[in-house]
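> Can you keep this structure in mind? I'll have questions shortly.
The values are calculated or read from the model by the stated rules, or taken from the named source; none is laboratory data. Everything numeric in this text was worked out from a predicted model, so none of it was measured. Cβ placement follows ideal geometry from the backbone for every residue including glycine, while neighbour counts extend to all protein chains displayed.
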Amino acid sequence: MSASLKGKSLTKELDFSAAQFHYLLNLAAELKAATKAGAEIQQLVGKSVALIFEKTSTRTRAAFEVAMAQQGGSTTVFDAASSQIGHKESIADTAQVLSRMYDAIMYRGDLQATVETLAKNSKVPVINGLTDAWHPTQMLADLLTMQEASGKPLTDIKFSYVGDARNNMGNSFLITAAILGMNFAIGAPKSLWPTDQLVAQAQQIAATTGATLQLTEQPEAAVANSDFVHTDVWVSMGEPDSVWKSRIEQLLPYQVNSKLFSAAAAGAKFMHCLPAYHDQETKVAQFAASLTGISGGIEVTDEVFQSAANIAFEQAENRLHTTKALLIATILG
């Protein structure tokens with residue numbers, strides 16, 4: 001398959017081939033180097049991107065707005081309070097309208113069906129900034145970060161994810177690893193694994209790419225010999241507060257603490273898509289503590305998060321560079 005991405009939407013990782021992933025990562029690395037050297041060439045002058053937010057955002061919004069600004073383009077933010085999207089105007093009609101005025105559309109919200117409908121009815125590329133099912137822009141940043149931190153080809157990297165794996169991060173990691181022929185393990189209670197259908201699909205892809213995929217209920221087995229250990233919050237946006245107590249009790253054995261992290265490879269790095277509840281400095285962490293009595297971190301301890309092993313902020317910065325690459329590749333080719 002050609003690596004050309006001009007006009008192509010990214011609604012989920014399955015939309016792109018391994019060659020296209022590698023093309024984007026190489027482009028992102030080049031753009032990052034140029035930015036750091038003060039030698040960036042603006043390629044998106046006069047281009048505009050519509051940013052649709054049904055879910056709140058820090059890193060996604062910052063990455064898209066700064067990427068376009070640095071490239072000489074512009075963005076318009078639409079949210080539930082400032083647009084008719086999904087209220088007085090259908091998603092299909094919205095796609096028709098916005099794609100006649102903008103050069104690309106980013107959607108961040110709940111339903112995968114919404115971003116798929118936007119892409120189907122749009123004349124310009126549509127990018128999934130996060131849905132409940134997939135998080136492809138995060139995958140690009142994570143891949144670039146692992147590639148940079150290890151200095152190894154992606155196929156030589158072993159990485160793992162522990163915690164709630166039946167969400168967008170678990171799905172995206174599993175399929176991305178399969179597509180790119182990587183060595184990946186999930187550590188989670190079986191009730192929080194990706195669906196059997198998705199696991200079977202990933203295994204089918206892995207059979208052709210040489211990927212090694214492991215799903216286990218034993219967190220130490222998942223983390224063993226990993227170059228990178230990932231986790232995410234245990235209660236996702238949109239879930240009720242009432243699930244916090246039972247979820248923490250269920251997932252506490254999967255907390256990334258010094259004991260669990262010691263099972264990883266020597267020199268392993270910790271990664272998190274953020275925000276992370278590693279201390280008691282947020283209202284959410286304080287609320288969870290009031291229910292459970294946990295006085296420190298939740299999905300990761302402050303000891304691990306504050307250690308030299310943590311590269312979550314490098315990971316966050318790479319959202320900018322990979323977003324820039326994705327916009328240039330899909331708008332310009």
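> Going through 62, 50 one at a time, which residue ends up being surrounded by 14 or more Cβ atoms within 10 Å (Cβ to Cβ) and touching a strand residue (DSSP E or B) at 6+ places or on another chain (Cβ under 7 Å)?
Selected residue: 50, the only one of 62, 50 that is surrounded by 14 or more Cβ atoms within 10 Å (Cβ to Cβ) and touching a strand residue (DSSP E or B) at 6+ places or on another chain (Cβ under 7 Å).
> Another question, then. Being aliphatic (A, V, I, L, M) and out of contact with any Phe, Trp or Tyr (no Cβ under 7 Å at 6 or more places or on another chain) is the filter; apply it to the stretch 241-278 and report the residue that is farthest from residue 316 (Cα to Cα).
243
> Those residues that are within 16 Å of the chain's Cα centre (by Cα) and assigned to a helix (DSSP H, G or I), I need them from the stretch 1-26; list them, please.
13, 14, 15, 21, 24, 25, listed by residue number.
> Scanning the stretch 278-321 for residues that are polar (S, T, N, Q) and surrounded by 15 or more Cβ atoms within 10 Å (Cβ to Cβ), which turns out nearest to residue 27 (Cα to Cα)?
Across the stretch 278-321, the extreme among qualifying residues is 318.
> A further question follows. When the stretch 13-25 is examined, which residues are found to be closer than 15 Å to residue 147 by Cα and surrounded by fewer than 18 Cβ atoms within 10 Å (Cβ to Cβ)?
Matches in the stretch 13-25: 22 only.
> Report yes if residue 146 is closer than 27 Å to residue 4 by Cα, buried (at least 18 other Cβ atoms within 10 Å of the Cβ) and in contact (Cβ under 8 Å) with a residue 24 or more places away in the chain, otherwise no.
yes
> Also: Name the residue, out of 240, 275, that is in contact (Cβ under 8 Å) with a residue 12 or more places away in the chain and not polar (S, T, N, Q).
275
> Pull up the stretch 48-81, narrow it to residues that are without any contact (Cβ under 8 Å) to a residue 60 or more places away in the chain and of a type in the set (S, T, N, Q), then point me to the one that is farthest from residue 321 (Cα to Cα).
Only one residue tops the list, namely 76.
> Count, please, the residues in the stretch 179-192 that happen to be over 17 Å from residue 156 (Cα atoms), without any contact (Cβ under 8 Å) to a residue 40 or more places away in the chain and surrounded by 20 or more Cβ atoms within 10 Å (Cβ to Cβ).
Summing the residues that are over 17 Å from residue 156 (Cα atoms), without any contact (Cβ under 8 Å) to a residue 40 or more places away in the chain and surrounded by 20 or more Cβ atoms within 10 Å (Cβ to Cβ) in the stretch 179-192 gives 1.
> Which residue, of 118, 111, 174, is buried (at least 24 other Cβ atoms within 10 Å of the Cβ) and closer than 12 Å to residue 11 by Cα?
From the options 118, 111, 174, the qualifying one is 118.
> If I ask for residues that are acidic (Asp, Glu) and over 20 Å from residue 195 (Cβ atoms), which ones from the stretch 209-227 would you list?
Passing the criteria: 220, 227.
> Next question, about the same structure. Looking only at the stretch 286-317, count how many residues are part of a helix (DSSP H, G or I), at pLDDT below 95 and not hydroxyl-bearing (Ser, Thr, Tyr).
Residues that pass the stated criteria total 5.
> Another one. Inside the stretch 152-261, counting only helices (runs of 4 or more DSSP H) that do not spill past its ends, which hold 2 or more residues that are hydrophobic (A, V, I, L, M, F, W, C) and either within 27 Å of residue 16 (Cα to Cα) or touching a Gly at 6+ places or on another chain (Cβ under 7 Å) (or both)?
168-180, 196-209, 219-223
> Restricting to the stretch 26-43, name every residue that is of a type outside the set (Lys, Arg), out of contact with any Asp or Glu (no Cβ under 8 Å at 6 or more places or on another chain) and crowded, with 20+ Cβ neighbours inside 10 Å.
Hit for the stretch 26-43 is 28, nothing else.
> Let me confirm something: among 126, 162, which residue is within 19 Å of residue 321 (Cα to Cα), in contact with a Ser or Thr (Cβ under 7 Å, 6 or more places away or on another chain), aliphatic (A, V, I, L, M) and surrounded by 23 or more Cβ atoms within 10 Å (Cβ to Cβ)?
Of 126, 162, the one residue that is within 19 Å of residue 321 (Cα to Cα), in contact with a Ser or Thr (Cβ under 7 Å, 6 or more places away or on another chain), aliphatic (A, V, I, L, M) and surrounded by 23 or more Cβ atoms within 10 Å (Cβ to Cβ) is 126.
> Something else now. Can you name the residue in the stretch 234-273 that is β-branched (Val, Ile, Thr) and touching a helix residue (DSSP H, G or I) at 6+ places or on another chain (Cβ under 8 Å) and is also surrounded by the fewest Cβ atoms within 10 Å (Cβ to Cβ) among such residues?
248
> Can I ask one more? Residue under question is residue 77, and the condition is that it be under 26 Å from residue 145 (Cα atoms) and surrounded by 15 or more Cβ atoms within 10 Å (Cβ to Cβ); does it hold?
no
> A further question on this structure: All but one of (1) under 27 Å from residue 167 (Cβ atoms); (2) hydrophobic (A, V, I, L, M, F, W, C); (3) surrounded by 20 or more Cβ atoms within 10 Å (Cβ to Cβ) hold for residue 98; state the number of the condition that does not hold.
Looking at each condition in turn, residue 98 falls short on (1).
> For the stretch 312-327, indicate whether the set of residues that are of a type in the set (Val, Ile, Thr) and not assigned by TED's automatic domain parsing to the domain that holds residue 165 is non-empty.
yes
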